[in-house]
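Read-outs throughout are calculated quantities, based only on the coordinates presented, and are distinct from any laboratory measurement. Quick caveat, the model's predicted, so the values are computed rather than measured. Quick reminder, even Gly has a Cβ in these numbers, built from the backbone with ideal geometry, and neighbours come from all protein chains shown.
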Amino acid sequence: MQKKILGIGLALVLASSFQVHAQNTKQDGAYKRWFVGSTLYLLGNFDKVNNPEYVQLNVGYRITPKDVVSFRFKRSIYSWPIGIPFGSSSFDAPGQNYPGHARILAPTLGYQRFWWKGAYTSVQALNAFEKYLDEDNKKIGNGYTLYLDFYLGYQFKFFNDRFFFEPAIGISYWPLRTNVPASFKSVEVKWPNYFIQPGFDFGFRF
């Protein structure tokens, strides 16, 4: 499913190059300040084997034509070490998954800076409140992880700047992770506390 999402995202990037123009702040005398959006990672919910039950809602406000602050709410479940590289053959491989799964509720604060036309960098501070369940779906603990996500991307605009799509490449790093059950920790100890991932956010401005 990771490869399917990546393929769809790349296809949209190629298609957009023929249909849209990038954000140009010189033309933003009356730019739209608010936006709502989400991510193409929602497509992972069509995976019947590893359905992440993924939900993401983005709400943002443009302070200036180049500076954006945002709030995101994410919810999902996962049953494998987060540090497994995107697209790795170890993802969901025998012996690599947790003995159960974790549920995440994650309010997120972000800042995005546009540097040239649609090119931007952003940072997201994701506060993940986690509930751990064993293979019998019984709760075995609660934990907290602070994720810091850094992205480099480009924003494409559609339909008179109403809609946008933001393909990006980023790195997620978690400097703080607490109360992970021993059975989960023994599986994830071989993996790093960071991973590289693409971003596929989209939204509507008003």
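The calculated Kirkwood hydrodynamic radius for the range 109-206 is 15.8 Å, given to one decimal from all distinct C-alpha pairs. Other residues lying with their Cβ under 9 Å from the Cβ of Tyr54 contribute a combined charge of +1, Lys and Arg counting +1, Asp and Glu -1.
Local charge for Arg75 was computed over the other residues whose Cβ lies under 14 Å away, with Lys and Arg +1 and Asp and Glu -1, and equals +2.
Which whole-number value in Å³ per residue fits the convex hull of the alpha carbons of the range 2-205? Numbers along the way, then the final one.
Details: hull volume 22.8 nm³, N = 204.
Output value, Cα hull per residue: 112 Å³.
Pairs of Cα atoms nearer than 8 Å and 6+ residues apart set the relative contact order; for the range 2-205 it is 21 percent.
Distance between the modelled labels on Asn137 and Val49, one decimal in nanometres: 2.1 nm (7 Å Cα→Cβ projection). Which of the trypsin sites (Lys or Arg not before Pro) across the range 149-206 are loop residues per DSSP, with 15 or fewer other Cβ within 10 Å? Counting only loop positions with at most 15 other Cβ atoms within 10 Å, the trypsin sites (Lys or Arg not before Pro) in the range 149-206 are Arg162, Lys190. Please name whichever of Ala182, Ser79, Phe159 sits farthest to the positive end of the charge dipole of the range 2-205, dipole taken about the Cα centre and charges placed at Cβ: Lys and Arg +1, Asp and Glu -1. Looking along the dipole axis, the top candidate is Phe159.
Residue separation of Arg75 and Thr121 scaled by 0.36 nm, minus their Cα-Cα distance, works out to 14.2 nm of gained length. Between the residues Ile63, Leu43, Leu146, the greatest Cα displacement towards the positive end of the dipole of the chain, with unit charges on the Cβ of Lys, Arg, Asp and Glu, is found for Ile63. Dividing the helix sum by the residues of the chain, where each DSSP H run of 4 or more adds -39500 (n - 2.57), gives a mean residue ellipticity at 222 nm of -3000 deg cm²/dmol. A simple charge model with +1 on the Cβ of Lys and Arg, -1 on the Cβ of Asp and Glu and nothing else charged puts the dipole of the range 2-205 at about 560 debye relative to its Cα centre.
Amide H contacts of Trp80 (H built 1.01 Å from N, in plane; Pro and chain starts excluded): Tyr98 sit under 5 Å, all sequence-distant by 5 or more or on other chains.
From least to most packed, judged by other beta carbons within 10 angstrom and beginning with the fewest, Leu176, Leu105 follow the order Leu176, Leu105.
Can you compute the FRET efficiency between Phe159 and Leu109 using 1/(1 + (r/R0)^6), with r the Cβ-Cβ distance and R0 = 30 Å? Round to the nearest 0.05. The pair Phe159/Leu109 has a calculated efficiency of 0.55.
A simple spin-label model places pseudo-atoms 7 Å from Cα toward Cβ; at Val189 and Val59 they are separated by 4.3 nm. Residue-wise HN-Hα couplings along the range 128-135, as the Karplus relation 6.51 cos²θ - 1.76 cosθ + 1.60 with θ = phi - 60° gives them from phi, are 9, 9, 10, 10, 9, 10, 7, 5 Hz; Gly and Pro carry x.
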